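The values are calculated or read from the model by the stated rules, or taken from the named source; none is laboratory data. Just so it is clear, the structure is predicted and the values come from calculations on it, not from any experiment. We place every Cβ from the backbone using ideal geometry, glycine too, and count neighbours over all the protein chains shown.
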Amino acid sequence: MSSVLTTSILMLTILGVVLAVILYVVAQKFKVEEDPRIDEVEALLPGANCGGCGYPGCRGLADALVKADDISAISCPVGGNETMRKVAAILGKAVEDKDPQIAVVRCSGSPQNRTRVVEYNGISSCKFASTLYSGDTGCQFGCLGLGDCVAVCKFDAIYIDPVSLLPVIDEEKCTACGACVKACPKLLIELRKKGPKGKRIFVSCMNTDKGGVARKYCSVACIGCFKCVKVCPYEAITLENNLAYIDANKCKLCRKCVEECPTDSILEVNFPPRKPKVEEQAQNAVTS
Amino acid sequence: MLKTFKKGGVHPPENKISAAQPVEVLPLPAKVIIPLSQHIGAPAEAMVAKGDRVKTGQLIAKSAGFVSANIHSTVSGIVESLEPVMDSSGYKRPAITINVEGDDWEPSVDRSPNLKKEITLSAQDIIKKIAEAGIVGLGGATFPTHVKLSVPAGKKAEMLVINGVECEPFLTSDHRLMLEKGHELMIGIQILMKALNVPKAMVGIEANKPDAVSHLQSLAKSYSGIEVQPLKVKYPQGGEKQLIKALTGREVPSGGLPIDIGAVVHNVGTALAVYEAVQKNKPLVERIVTVTGKNLAHPSNFLVRIGTPVSALIAAAGGLPDDTGKVVSGGPMMGKAVSSIDVPVTKGTSGILVIPAAESKRKPEGVCIRCAKCVSVCPMGLEPYLLYRLGQRMQYSQMEVERVLDCMECGSCSFECPANLFLLDFIRLGKVEVGKIVRERKN
């Protein structure tokens, strides 16, 4: 009885040792030489594997960062400048600080602004709906509100507002990875400069119909009236196909266009409330 | 024992309520909207400007490329605008809007009811004339007819198949056409035979139209080479591959075209349009449209000018019932709900179906129980449940391997599925994505 026990213990031990030696030899012989810095860089990256950088996951980015001579064109949108500075320190390469970005939804067509005329009764996905028709309102450029952007966001940074039925982006959580930009079949989401203290101004509309048509179906549509283009002192606004666009790099956040826009299609975000205008102040003084 | 195709197929309720209604000519509308993209291929290029006066039958948009089609004014009047207008695709697309003034036809068009039997033109001239008249497949696929008739080098047409099946429930436009325009249809078939240089044509008609079968069979005696064949009722027999299989027993290979096995299929509506174009010099400006629905006051068949708003057709059929849930352009199986009844009738509109609210909603999606009903009804021998799963996982390259591009979107799988799975939705999206992969590979 005891001999059976000792034999089996002995046999398994020998087997274990022999296999361990074989595995060790094989592992040494077929070892893949990899730059150890890839692991170091990967450890610094956020590890979300969101693909926002354009590489397949964080390891892909780490690999590219180590291999490239000039890494100024590569960046991790999620980690931002801080992570990139750390990476550059390890690799001894130079990086430039980039303006932090954020996703903005360029549609304000809530049910109050845009009447629903069609009832959609299919798969709850913008991708499917957009193969069937242009949308449940008269505007064929606006948000379908079925939440493909919400589904692809890995950071839980988008939700559909139950009242406006439009996607809302959580400024704290959005990392500007760009997944929602790719998911939107209407191309409504844009990555824009976050701006100082999150202040930014943008045209919240993608309607390229002529003014009258656009206005007929949505009260906050850009009608291409050129008022903002004329009022802008910095030539930051261009107008093509009846639709205005504000260049975030030229915009100095003076807010003149927001006041001028007759349809309120230009939005200002994170600005303090405006001071009442001079005439209004005078009026208030009279009434009081 | 009547012939039919072997693989798959379903039997939806026929509901041919407008079958006994003779074709009525719909009065001219006040305004027509003529989309520039009424066919498969490149949209036509507009040749008129705002404010131009046009005559009925005048060429207003020229074919842009080989796979494209001419478009003619369907009314006389003044061009109101060239702005994009919403059509039955659900999108705004380029169109010509014309305000109707009288009905002044191009003088070259022969509008007399006299039958012209003698075919004087040569094969090439026939094809040229058909291309000029802007004729496309009127069964619904709207593929330009002259392209189908131009047999590619190295292939030979052996027989012409004429599609009088009308397997879609509710629709009766082809049925009425066969009953009322039999002689014209027969001459149209002979013209197509001459264009293709084939000695034989077979007309396939489902057995639920016995009057059309016997009428055309008696006519066929006086026209050589035409055989009229009744077929067992089964959807989707009107698909060209299914019809060829049913009539000849030959099978079109996966990814191939009917011409690969020597067959060319044309719809009866197309054959009539060919007769009118070749013998009467009349371009494609009108077609027969069935307006039907269970709650509609007067389900009818109308001869409609292309570009007439759908609302005018519904008004002529007794108006939109109160409990309407949706309006479908086409039949209940393959048609598409329109997002507004102001969309125009196009060359491919075979019917307008008004569905009551109670029947218009999709049932909630259940869980697949692997009953394989979808597999047994698929006429192309595909596995819809598998394509659905692959679509959910976005594995589009695998969908290509599973021959998703063979799917003709007949909807038999979704019709039969006891769990109401959104089978066809995922397959349709898969076809779009696989199409992108294929195009990328070619470039």
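A few points about this structure:
- Residue count for the range B:397-413 satisfying the condition of being part of a helix (DSSP H, G or I) and touching a residue at least 24 places away in the same chain (Cβ under 8 Å): 8.
- Of the residues making up the range B:277-315, those that are hydrophobic (A, V, I, L, M, F, W, C) and touching a Leu at 6+ places or on another chain (Cβ under 6 Å) are B:I288, B:V291, B:F302, B:V304, B:I314.
- For the range B:28-45, a tally of residues being outside any loop (DSSP other than H, G, I, E, B) and either free of Cβ contacts under 8 Å to residues at least 40 places away in the same chain or farther than 13 Å from B:I98 by Cα (or both) returns 1.
- Count - residues of the range B:297-321 that are more than 17 Å from B:T172 (Cβ to Cβ) and either of a type in the set (S, T, Y) or not in a helix (DSSP H, G or I) (or both): 9
For (1) modelled with pLDDT under 95; (2) under 27 Å from the mean Cα position of the chain (by Cα), each residue gets a yes or a no:
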{"position": "B:L386", "(1), (2)": "no, no"}
{"position": "B:Q392", "(1), (2)": "yes, no"}
{"position": "B:S412", "(1), (2)": "no, yes"}
{"position": "B:K436", "(1), (2)": "yes, yes"}
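- Taken over the range B:72-95, the criterion of being assigned to a loop (DSSP other than H, G, I, E, B), of a type in the set (A, V, I, L, M, F, W, C) and within 13 Å of chain A (Cβ to nearest Cβ) is satisfied by B:L82 alone.
- Residue satisfying condition, being aliphatic (A, V, I, L, M), buried (at least 20 other Cβ atoms within 10 Å of the Cβ) and touching a Lys or Arg at 6+ places or on another chain (Cβ under 9 Å), within set B:V343, B:V434, B:V354, B:V327: B:V354
- Qualifying position, being under 29 Å from B:L247 (Cα atoms), part of a strand (DSSP E or B) and not assigned by TED's automatic domain parsing to the domain that holds B:K62, among B:V151, B:V165, B:V161: B:V161
- Subset tally (residues that are part of a helix (DSSP H, G or I) and in contact (Cβ under 8 Å) with a residue 40 or more places away in the chain) for the range B:107-145: 8
- Within this structure, B:E433 fails the test of being of a type outside the set (F, W, Y), more than 12 Å from chain A (Cβ to nearest Cβ) and in a helix (DSSP H, G or I).
- Among residues of the range B:13-27 that are farther than 22 Å from B:R305 by Cα, those with a Cβ under 6 angstrom from a residue that is part of a strand (DSSP E or B) and not basic (K, R), sequence gap 6+ or separate chain, pair up as B:I17/B:T292.
- If the condition is being more than 21 Å from A:E171 (Cβ to Cβ) and among the aliphatic types (A, V, I, L, M), then the range A:190-218 contributes A:M206, A:V213, A:A214.
- Unique residue being crowded, with 24+ Cβ neighbours inside 10 Å and either in the same structural domain as B:G411 (by TED's automatic domain parsing) or in contact with a strand residue (DSSP E or B) (Cβ under 6 Å, 6 or more places away or on another chain) (or both) when the list is B:A273, B:A220, B:A212, B:A195: B:A212
- Residue list for the range A:56-90, filter: touching an Asp or Glu at 6+ places or on another chain (Cβ under 9 Å), surrounded by fewer than 17 Cβ atoms within 10 Å (Cβ to Cβ) and at pLDDT 85 or above: A:R59, A:K67, A:N81, A:R85, A:I90
- Residue in the range A:201-225 that is farthest from the other protein chains (Cβ to nearest Cβ), counting only those that are crowded, with 22+ Cβ neighbours inside 10 Å and farther than 23 Å from A:D148 by Cβ: A:I201
- For the range A:135-161, the set of residues classified as within 17 Å of B:K336 (Cβ to Cβ) and crowded, with 22+ Cβ neighbours inside 10 Å consists of A:G135 only.
- Counting only residues that are within 13 Å of chain A (Cβ to nearest Cβ) and closer than 23 Å to B:Q21 by Cα, the range B:342-379 holds 1 of them.
- Count - residues of the range A:41-55 that are within 17 Å of A:I71 (Cβ to Cβ), outside any helix (DSSP H, G or I) and hydrophobic (A, V, I, L, M, F, W, C): 2
- Within the set B:T290, B:T324, the sole residue that is of a type in the set (V, I, T) and more than 14 Å from chain A (Cβ to nearest Cβ) turns out to be B:T290.
- Hits in the range B:96-106 (condition: more than 14 Å from chain A (Cβ to nearest Cβ) and assigned to a strand (DSSP E or B)): B:I96, B:I98, B:N99, B:V100, B:W105
- Restricting B:K241, B:K234, B:K282, B:K245 to residues that are in contact (Cβ under 8 Å) with a residue 60 or more places away in the chain, touching a His at 6+ places or on another chain (Cβ under 8 Å) and either among the charged types (D, E, K, R) or under 30 Å from B:P107 (Cα atoms) (or both) narrows the list to B:K234.
- Among (1) more than 14 Å from chain A (Cβ to nearest Cβ); (2) out of contact with any Lys or Arg (no Cβ under 7 Å at 6 or more places or on another chain), the one test that B:E45 misses: (2)
- Test: residue in the range A:1-18 that is under 52 Å from the mean Cα position of the chain (by Cα) and of a type outside the set (S, T, N, Q): no
- Exactly one residue out of B:V147, B:V198 is in contact with a Phe, Trp or Tyr (Cβ under 7 Å, 6 or more places away or on another chain) and among the β-branched types (V, I, T), and it is B:V147.
- Some residue of the range B:201-213 being part of a strand (DSSP E or B) and either acidic (D, E) or free of Cβ contacts under 8 Å to residues at least 40 places away in the same chain (or both): yes
- Residues satisfying the stated conditions in the range A:240-254, i.e. surrounded by 15 or more Cβ atoms within 10 Å (Cβ to Cβ) and over 24 Å from the mean Cα position of the chain (by Cα): A:N242
- Boolean, B:L185 is surrounded by fewer than 23 Cβ atoms within 10 Å (Cβ to Cβ) and more than 23 Å from B:A64 (Cα to Cα): no
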